[in-house]
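Note sheet for the following structure.
The values are calculated or read from the model by the stated rules, or taken from the named source; none is laboratory data. Every value quoted in this text rests on a predicted model; they were computed, and no experiment measured them. Please note: Cβ atoms are built from the backbone with ideal geometry, for glycine as well, and neighbour counts cover all protein chains shown.
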2 protein chains.
Amino acid sequence: MKRYLTLAASAAIFAAFPLAAQTTAAEKEKKEYPSPPEIVAKAKAEEWMTIAPTDLMVMDLAPDAKGKARRVVIQLMPAPFSQGWVSNIRQLAAAHWWDGTAVVRVQDNYVAQWGDPTEKKALPGGLAVVPESEYVTQIGKGLNPKKFLPNFLAAFPDYAKKFPEVAEKDPKEFEAEMRKRLESTADPYAKGNRYLAGWPTGGNYENGTFWPVHCYGMVGVGRNLSPDTGTGAELYTVIGHAPRHLDRNIALVGRVIEGVEHLSSLPRGTGPLGFYEKEEERVPIASVRLGNESADLPAFEYLSTDSASFAAYADARANRRDPFFILPAGGADICNIPVPIRRKAQ
Amino acid sequence: MKRYLTLAASAAIFAAFPLAAQTTAAEKEKKEYPSPPEIVAKAKAEEWMTIAPTDLMVMDLAPDAKGKARRVVIQLMPAPFSQGWVSNIRQLAAAHWWDGTAVVRVQDNYVAQWGDPTEKKALPGGLAVVPESEYVTQIGKGLNPKKFLPNFLAAFPDYAKKFPEVAEKDPKEFEAEMRKRLESTADPYAKGNRYLAGWPTGGNYENGTFWPVHCYGMVGVGRNLSPDTGTGAELYTVIGHAPRHLDRNIALVGRVIEGVEHLSSLPRGTGPLGFYEKEEERVPIASVRLGNESADLPAFEYLSTDSASFAAYADARANRRDPFFILPAGGADICNIPVPIRRKAQ
C-alpha cells in the first residue's frame, strides 16, 4: 500500500500534463527543445501582425446566471477569402441587426449557432447573394506557373511584402516550392494545406484553388439546401473536432479569437441537431458590434504564419520534444496547429 | 428589401444544416445516397455488438444547479489495448475509490479531468505499475507475415470469428490486404489507421504496432513526467479537436459513450491548464461504479467496425452525398468517423 501512496504523492498526479516538477535532465532537454508556447513567447515584435479593429466583431451575450459578462471576439476573414459574406456581415453588424437575437443551437462536438429565432426579422437592404463558387479562391488557372505566381502575389500581398525576393523568383521554381509545401502534410481532405494570410487553408495546386478549413473556433455561415449559400445573418462556430467535411460546402467567414468558452460551455440543446427546444433555453445576444464601434476593445495581434517563429512553432507542434513527451508524432493536422493570437501589450 | 425578406423566409435559415424542406430532386438523390445516420439505422441486428456491463463504468456527478442528474457512461477498452491500466481502473471502481473525488480541470478545446483533488487519498493495494511499452500493442514482429497473421488473429479474436475465412488466408495475401487498408488514409500521425475491435487505432505495419488514438470523448490516464505512466486514478476525456500528439505518449483506456456533454459543457477552469482555482468550482463526483454494479444501467451496443454497414457508413462520412452537400470531401480523418454506439432496444 505504502508503495502506491508514495507513487501518488511523488507523481503529483494533478500535473497530468507538464506543469511543475522537472528533473535536471528534463530541464536541460527543455532548453534544447522549447515547447510551442515558449517559441511563441520568444517571437520578435515584428513577427506579430496587428489585427485592424475594423476586422473584429464583438458579440456580447447576456450575462451568465452569476451576472458575469460573456464577450466573444471574432476576427473576420481577410481577402481574398469569402469576401461576399464578410461584406454582408459587416452590414448586419453596422445595422446592429443581431441585437436581441440569440444563440439557438448548441450541438455537442459540433457547433454553436446564433441568429434570429423568429426567422422573421427583416434583413437590411443591400446584402449580396453570394454564389457557391466563392467557397474557394481561385489563384491563376491550372498549372501555368507564369500565371500562378503573379496571381498569388496579387491575392496575398502580405506574402509579397514579407518576402520581396519571391516576386523576383523564377515562376517554375516558385511553383515547385509551393507544390512541395502543399504536399508535405498528409491530409485526407485536401491535396495540401497551407497557412495563407494567417489562416489555415486547404489547397489544390492542380487547379489553383485554396479555401479556409473548418478548425475549432472557426465561424461559418448557416445555409439551407444548395443553391442557397446563406446571407451571413445565421452564424455558427465549431466547438468540437474539426468537421472538415463542411470545407467547400459552407462559407467560413472568421474565427473566435477570445471568449469561445462562452459558446463551447453552453448547455447542449436537446432538440434535433442540438437546437434548444424551449425559448427560455436560448442565450440572448445583447449586442454585436464591429471592433471600430466597440470603445473598450483591446488590440489583438496574431503571429504571422509567414514568420520564422511560426515555422518553428508548427514544427514543435508536430514534433513535441518538450519533457512531457516520450515520442514525437512526426506530423500534425492543420487544425492541431492553431495560429497564435493574443492581446497586444499596451 | 423585399427580396431578402423573401429569401430569409424561404430559406428557413434555421435549418442551416439539413433538416426539413427538401426538393423532390433532393429527395430522389437522398434515396440513392443515404446519409451516415440513415445507413446506421438500417444496419442489421447481427452487425451490432452488445457491450458487456463489466466493460462499462458509470460516473455520476453531483446534480447540476437545477437538480438535474448528470451521468457519464464510459466503455473500457478491450484487450489487447492498455489492459494494465484498465485492470487498475476496474480495481479503483470496485473499491468505490472515486466516490467523493471531483472534476478538477476543464481546459477549452482540450480535456476535462477528474480525480482526487487532495492528491492524498490512499490508493487500493495491488495496482500495477504499467510500463511505457504498453502504450502500443505489438502484433507479431517486423514484416514476417507468417507470424503476423496468427498473432493478429490471437489479438483480435472477434475479427477471426466474424471472418472465419481470414484464418484460412494465405498470410502474404492477408499482409497485402492489411497494408493496403492501413495505407489507404492520409494521416499525419500514423502510417495507417484502422478500426480494430471497435476502436479507432493508428498502426505501423512495418513494426507491427497498433495503438488507440485520441479522438473526441476518448478517456486517458493522467500522468507525470516519464517514466511515470499513471495508475488510472487520474482520468481525462477529450472535449475538443483530437489531440493526436498525445497518441503513444499517454495510455487511453476507454471512451465516453453517453453523457459526455456533462463534462464538455462544464465551465472552463481559469487556472493554468484549465484547473479550477477555487475548491467550490470543482464538480463533485458522487460515485463511480462498474456497469455490473449499477442496477439501473441500460444495455449498450456498438456497430461492429468489421461489418458491411460500418464500411458503408465510413464511406458516407468521407464522401457526403446526401442533399446538403455539394462537394464530397473524398476522405475523412479517423476521428471524424466516430463508431456508432446506442442504447440497445429493450
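For residue B:273, the criteria (1) surrounded by fewer than 24 Cβ atoms within 10 Å (Cβ to Cβ); (2) modelled with pLDDT of 95 or more; (3) not in a helix (DSSP H, G or I) hold in every case but one, which is (3). Scanning segment A:301-313 for residues that are out of contact with any Leu (no Cβ under 8 Å at 6 or more places or on another chain) and surrounded by fewer than 19 Cβ atoms within 10 Å (Cβ to Cβ) turns up A:301, A:307, A:308, A:311, A:312.
Here's the yes/no breakdown for (1) in contact with a helix residue (DSSP H, G or I) (Cβ under 6 Å, 6 or more places away or on another chain); (2) under 20 Å from residue B:111 (Cα atoms):
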site: B:215; (1), (2): yes, yes
site: B:221; (1), (2): yes, yes
site: B:241; (1), (2): yes, yes
site: B:250; (1), (2): no, yes
site: B:254; (1), (2): no, yes
site: B:264; (1), (2): no, yes
site: B:272; (1), (2): no, yes
site: B:277; (1), (2): no, yes
site: B:290; (1), (2): yes, no
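Of all the residues in segment A:149-183, those that are under 19 Å from residue A:204 (Cβ atoms), of a type in the set (Asp, Glu) and at pLDDT 80 or above number 0. Residues that are of a type in the set (Gly, Ala, Ser) and over 20 Å from the mean Cα position of the chain (by Cα) do not occur anywhere in segment B:309-322.
Which is crowded, with 17+ Cβ neighbours inside 10 Å, aliphatic (A, V, I, L, M) and farther than 30 Å from residue A:203 by Cα, of A:339, A:288, A:256? If you could, list the steps in order and put the result at the bottom.
Working: A:339 fails: farther than 30 Å from residue A:203 by Cα; A:256 fails: farther than 30 Å from residue A:203 by Cα.
Answer to the check: A:288.
Mind checking whether some residue in segment B:174-184 is out of contact with any strand residue (DSSP E or B) (no Cβ under 6 Å at 6 or more places or on another chain), within 13 Å of another protein chain (Cβ to nearest Cβ) and either of a type in the set (Asp, Glu) or part of a loop (DSSP other than H, G, I, E, B) (or both)? Yes, segment B:174-184 contains at least one residue that is out of contact with any strand residue (DSSP E or B) (no Cβ under 6 Å at 6 or more places or on another chain), within 13 Å of another protein chain (Cβ to nearest Cβ) and either of a type in the set (Asp, Glu) or part of a loop (DSSP other than H, G, I, E, B) (or both). The lone criterion from (1) touching a Pro at 6+ places or on another chain (Cβ under 6 Å); (2) modelled with pLDDT under 95; (3) closer than 25 Å to residue A:265 by Cβ left unmet by residue B:62 is number (2).
Scoring residue B:304 on the criteria (1) more than 29 Å from residue A:330 (Cα to Cα); (2) modelled with pLDDT under 95; (3) more than 17 Å from the chain's Cα centre (by Cα) leaves a single failure, condition (3).
A count restricted to segment A:321-331 and to residues that are in contact (Cβ under 8 Å) with a residue 40 or more places away in the chain and at the interface with chain B (Cβ under 8 Å from one of its Cβ atoms) stands at 3. In segment B:128-140 there is no residue matching the filter, namely being surrounded by 21 or more Cβ atoms within 10 Å (Cβ to Cβ), over 30 Å from residue A:109 (Cβ atoms) and at the interface with chain A (Cβ under 8 Å from one of its Cβ atoms).
Counting residues that are modelled with pLDDT of 95 or more and basic (Lys, Arg), which strands (runs of 3 or more DSSP E) fully inside segment A:214-263 reach at least 1?
Ranges flagged: A:252-258.
Suppose the filter is touching a helix residue (DSSP H, G or I) at 6+ places or on another chain (Cβ under 8 Å), at pLDDT 95 or above, of a type in the set (Gly, Ala, Ser) and crowded, with 20+ Cβ neighbours inside 10 Å; does residue A:112 pass it? Outline the logic, then answer.
On the way: touching a helix residue (DSSP H, G or I) at 6+ places or on another chain (Cβ under 8 Å): yes; at pLDDT 95 or above: yes; of a type in the set (Gly, Ala, Ser): yes; crowded, with 20+ Cβ neighbours inside 10 Å: yes.
For residue A:112, the condition - touching a helix residue (DSSP H, G or I) at 6+ places or on another chain (Cβ under 8 Å), at pLDDT 95 or above, of a type in the set (Gly, Ala, Ser) and crowded, with 20+ Cβ neighbours inside 10 Å - is met.
Taking the condition touching a Leu at 6+ places or on another chain (Cβ under 7 Å) and more than 15 Å from residue B:220 (Cα to Cα), does residue B:98 pass?
Values: touching a Leu at 6+ places or on another chain (Cβ under 7 Å): yes; more than 15 Å from residue B:220 (Cα to Cα): yes.
Yes: the conditions hold for residue B:98.
State whether the residues of segment A:60-70 include one that is under 22 Å from residue A:346 (Cα atoms) and either within 17 Å of the chain's Cα centre (by Cα) or of a type outside the set (Lys, Arg) (or both).
Going through segment A:60-70, the residues under 22 Å from residue A:346 (Cα atoms) turn out to be none.
The answer is no, given that none of the residues of segment A:60-70 is under 22 Å from residue A:346 (Cα atoms) and either within 17 Å of the chain's Cα centre (by Cα) or of a type outside the set (Lys, Arg) (or both).
Among the residues of segment B:201-214, is any within 9 Å of another protein chain (Cβ to nearest Cβ) and crowded, with 24+ Cβ neighbours inside 10 Å? Quick ask: steps written out before the conclusion?
Going residue by residue through segment B:201-214, those that are within 9 Å of another protein chain (Cβ to nearest Cβ) are none.
The answer is no, given that none of the residues of segment B:201-214 is within 9 Å of another protein chain (Cβ to nearest Cβ) and crowded, with 24+ Cβ neighbours inside 10 Å.
Among the residues of segment B:103-125, those that are within 7 Å of another protein chain (Cβ to nearest Cβ), over 17 Å from residue B:89 (Cβ atoms) and of a type outside the set (Asp, Glu) comprise B:104, B:109.
Kindly indicate the residue of segment B:268-303 that is more than 14 Å from every other protein chain (Cβ to nearest Cβ) and in contact with a Pro (Cβ under 8 Å, 6 or more places away or on another chain) and also farthest from residue A:261 (Cα to Cα) among those meeting that condition. Ranking the qualifying residues of segment B:268-303, first place goes to B:292.
Each row is one residue, and each column tells you yes or no for (1) surrounded by fewer than 20 Cβ atoms within 10 Å (Cβ to Cβ); (2) at pLDDT below 95; (3) over 18 Å from residue B:300 (Cβ atoms).
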residue: B:27; (1), (2), (3): yes, yes, yes
residue: B:34; (1), (2), (3): yes, yes, yes
residue: B:39; (1), (2), (3): no, no, yes
residue: B:42; (1), (2), (3): yes, no, yes
residue: B:83; (1), (2), (3): yes, no, yes
residue: B:106; (1), (2), (3): no, no, yes
